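Below is one structure; the comments refer to it alone.
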Amino acid sequence: MVQFLQQLINGLSIGSVYALMAVGYSLVYSIMNFSNFAHGGVIMLGAYFGFFGLTLLKLPFAVAFLLASFGTLLVAIIVERIAYKPLRERKAPFLYFIISAMGASILLENLVIATIGPTFRTYPEVFPKTPIELGPLAIGRLDLIIFVISAVSLSFLIFFIDKTKLGKAIQAASYNVKACALMGVNTDKVILTVFGLGGFLAGIAGVFFGMKYTVYPQIGNITTKSFIAAVFGGLGSLPGAVLGSVLLGIIETFVAGYLSSQFRDLIAFVILIAVLVLRPTGIMGKVTEDKA
Amino acid sequence: MDWTYIQGILMLAGINMIAVLGLSLLTGFTGLFSFGHAGFMAIGAYVGAWISASPASTPAGMGLPFILAIVGGGAAAGVVSYFIGRISLNLKGDYFCIATLGFGEAIRLIFNNVNRFGGARGWPGVPSNSSFLAILIADIVAVLFLANLVKSRHGRNMIAVREEELAAQIAGIDVFRSKMTSLVISAVYAGVAGVFFAHYMTFIQPKMFSLTKSTELTIIVIFGGLGSISGSVLGALVLTALPEVLRAFEIWRLVFYGAAVILIMVSRPKGLMGGLELTPSGIRKWTAERNALRQAKATLLAEDSGRKED
Amino acid sequence: MAAILHIRDLTKQFGGLTAVDAVSFSVPEGGIVGLIGPNGAGKTTIFNLITGIYRPTSGSIEYRGKSIVGLEPFRIADMGITRTFQNIRLFKNLSVFDNVLTACHLSANYSFAEAILRLPRFRAQEKHLTAKAEELLGIMNLSDYRDLIANNLPYGLQRRLEIVRALALNPKLLLLDEPAAGMNPDETEQLMRLIVRIRDDFGLSVLVIEHHMDLIMGVCEHIVVLNFGEKIAEGSADEISKNAQVIEAYLGTSEEAVDA
Ligand SMILES: Nc1ncnc2c1ncn2[C@@H]1O[C@H](COP(=O)(O)OP(=O)(O)OP(=O)(O)O)[C@@H](O)[C@H]1O
Ligand SMILES: [Mg+2]
């Protein structure tokens, strides 16, 4: 029982990091209908920004944290401008977006390898390693902080989408971009906001990921799993992305804990395939009949 | 640059070309995009290695002739693709892509965990059987097969599926079957390419067949021009050579490569050949289409002015 | 005359919306039947049900005495039912000729291996397909545009090409979804003659959706009227044009249209 709860807490912690990443995929998908594979590269940069903020610049954690998130916000927007905007203007098919995204992802990853190097780096210890004892349970301080900050950030995101004017425009655009443009919504602004939000959360996720594990240029490969979480929950749905991520985090931890850690990475793909076979629109996606 | 070096690049390009031609059928002619073809290459590579590697080496193989490795590797990839197709070919647009990505990565992770095949450390003892001549012959066969296929009713049905799926169905085309045929053939191509790759490198490792490899193949197909066999051939030659030529810059070459990919997408969406074939009949067709367009414009203009005069 | 198509109590619901509500009618062998009704009445949905793109919620569709409900669209096409689309769906990037040639595929049965190896049977049958496609283009006056990419064809000719493509399947029942949409009166007139001509020359039956009343009244021997998914009337052109319910349905919508 204790082990079960312990695993559950670990799962929640990693699941909340996935959620920060997954909402970025989902936000972009909801407006532009393509899977933004450059997002992984943005997350990776976030991890590096935070790392160098702490080590090179010796910034306090909160400042390094903000540096990372605003840095990735900027990167996400730059990627949009360079790799997607021309395609948008040409109304290119979704595949060109995906390939362009892959190109951006290759570029970011190798830019880091070329300039910073391929080595693994470990974050300095920001929070003491001693766990918080809760009866028989030992909760990692870092896990708790990750969980709380992620939850707060995601609530902020949902508040933004639900309550602000720009957020409402995003919602409207996710139903029908063309109609929105006709009604005078500035779609370019909506798209920039979406990339900005996704980028900001990617920075947070990158820092946490780096703190929990290590920093290296291929982190982007791991973030594929958060993309799977977004598909699991239903691409394009924010609550779906969060739910899918938390579930994936928990399932992964249990598989690693009870079966074998070798299957840990495989399970995400097994889930992906199962979801696509049983319910391609994911847990919370809409099911529609195609119009002929 | 000496001949062995150039020959090495050409061989690599020739191997890539086989996989690219297969993917060209799926993507350029049938309109389905895959991010999992590296997985089929992996299956071909491993099954091929298993068939031809010597029983004395570790991991142990069967020590059979190379030709059986080619047949076995291609067939294995084809069979696996059939089952994947059963599951995923009914998915729409983006979701088929995602499914292939999932399968491709899953295949790689499975090889990572199969110790019989060397696991993540890889398989070092693959015989060096991929000769220049063998690759050249394979490329020629691959091109001829594809060229004959797309100019038959089977190939035209695939093109119809690419153009307009619903209309294809209404025209009595079994869309699922056309897609399946295309997928299986493209997987066999990838599998065969994998066999040649394994016997060229003589050492294979699951991480050689990652998502990046799949993406690379798709990029070459698009770069060459969707729906053009000559485009795929040229694309494979140019884009395989490019990173090699850039090797002087070593660590920067993949940065350039990524930037080039974005640039291609952003600037030249029709690809090198833009659907045109560099063959006598291809060029004839192209001129005929251009003339027809010019003529049609002229007739319409004449009709228009005729109407105004009335 | 025996009925080639027999529809009974056909119903299709999309979520809460009943797009087609217990509609019954038949198309006689060799007949030209019109299907009319205001926008959103469910006409196209009926075509989608007949051709197997949608599955009916309930009801039956019999073609030459056999139920075709639940069959895949390509099988239904195989059996001899084909159609055109309201929003033209050609193979856009292919030439006019290739559009028709592709649709001729049912007239060949060479195998995959024969195609790859270019065996004699393949050559002979391909020759036959080419001749057939050329002939169809000739009959329908499209030969001049043979090599034009379909997308570059003027609108009216695109509609005609869709009909040629349908004819390439040797259909027994042809469904036309607003074939005159976007045509000027001249072209509509031509189209009317064309419809009658293909019925006679190819010996097929036609079910046509149209908003141009001239066309419907001019060529249809029998007319079925839909409104909000229900059949409100059927009969000859004369009967329909005098039917009070039909007049009301059309006037009703035109008033709404004015309001909107
Ligand atoms: N796939 C679908 N999902 C949901 N509703 C649908 C679908 N297809 C059609 N409908 C609805 O069914 C109703 C009938 O549509 P249909 O296209 O059959 O009308 P129609 O008579 O062909 O009209 P028009 O003259 O405008 O072409 C409409 O309200 C339409 O919105
Ligand atoms: Mg309609």
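Bear in mind these aren't lab numbers, they're just calculated from the coordinates by the rules spelled out. Predicted model, so just to flag it, every value in this text is computed and none were measured. Reconstructed Cβ throughout: ideal geometry from the backbone, glycine too, with neighbour counts over all protein chains shown.
See the values below:
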| read-out | value |
| --- | --- |
| R0 of 35 Å, Cβ-Cβ distance C:N170-B:M180: FRET efficiency to nearest 0.05 | 0.85 |
| Cα-based equivalent ellipsoid of the protein assembly as shown: semi-axis lengths in Å, sorted from largest, via gyration tensor | 52, 36, 25 |
| When the convex hull of its Cα atoms is projected in every direction, mean area for the stretch C:124-260 (nm²) | 10.5 |
| Which of C:M183, A:M21 has the fewest Cβ neighbours within 10 Å, and the rest in rising order | C:M183, A:M21 |
| Overall form of the stretch A:215-264 per C-alpha gyration tensor (a/c, 1.5; a/b vs b/c) | oblate |
| Average projected area [Cα convex hull, chain A], square nanometres | 16.5 |
| Ellipsoid semi-axes in whole angstrom, largest first, where each is sqrt(5λ) of the Cα gyration tensor of chain B | 38, 22, 18 |
| For the stretch C:44-112 and the stretch A:102-157, distance of Cα centres in Å | 55 |
| Peptides ranked, highest mean first, by Cβ atoms within 10 Å: ranges B:280-287, B:83-90, A:49-56 | A:49-56, B:83-90, B:280-287 |
| Residues whose placed amide H lies under 5 Å from that of C:F14, excluding near-sequence neighbours | C:A19 |
| Exposure proxy order (Cβ contacts within 10 Å, fewest to most) of A:S69, B:S186, A:S155, B:S131 | A:S155, B:S131, A:S69, B:S186 |
| C:N227 long-range amide H proximity, modeled H, under 5 Å | C:I232 |
| Rh (Kirkwood; distinct C-alpha pairs) - the stretch C:19-59, Å | 11.4 |
| Burial ordering of A:C180, C:C220, fewest other beta-carbon atoms within 10 Å first | A:C180, C:C220 |
| Per-residue ³J(HN,Hα) for the stretch A:79-93, Karplus 6.51 cos²θ - 1.76 cosθ + 1.60, θ = phi - 60°, Hz, x for Gly and Pro | 4, 4, 4, 7, 8, 10, 4, x, 5, 4, 5, 8, 6, 5, x |
| Kirkwood hydrodynamic radius over Cα pairs of the stretch B:11-101, then Stokes diffusion coefficient at 37 °C and 0.692 mPa s, in µm²/s | 229 |
| Amide hydrogen neighbours beyond the local backbone of C:A3, cut-off 5 Å, H modeled | C:E29 |
| Average beta-carbon neighbours from other chains, 10 Å sphere, peptide A:270-276 | 5 |
| Entries of A:K85/B:K213; B:K179/B:K270; C:K132/C:K231; A:K85/A:K225; B:K151/C:K172 with Cα pairs more than 32 Å apart | C:K132/C:K231 |
| Whole-Hz couplings from phi, Karplus 6.51/-1.76/1.60, listed for the stretch C:34-45; x for Gly and Pro | x, 10, 10, x, x, 4, x, 6, x, 5, 4, 4 |
| Ellipticity estimate at 222 nm from DSSP helix runs (n ≥ 4, -39,500 (n - 2.57)) divided over chain C, nearest 500 | -12500 deg cm²/dmol |
| Alpha carbon centroid spacing (whole Å) that separates the stretch B:1-63 from the stretch B:222-240 | 17 |
| Rounded if a/c under 1.5, otherwise prolate or oblate - the stretch A:95-154, Cα gyration tensor axes | oblate |
| Inter-site label distance for B:L68 and C:T57 at 7 Å from Cα along Cβ, in nm | 6.2 |
| J(HN,Hα) series, the stretch B:58-67, from Karplus relation 6.51 cos²θ - 1.76 cosθ + 1.60, nearest Hz, glycine and proline x | 10, x, 7, x, 9, x, 8, x, 4, 4 |
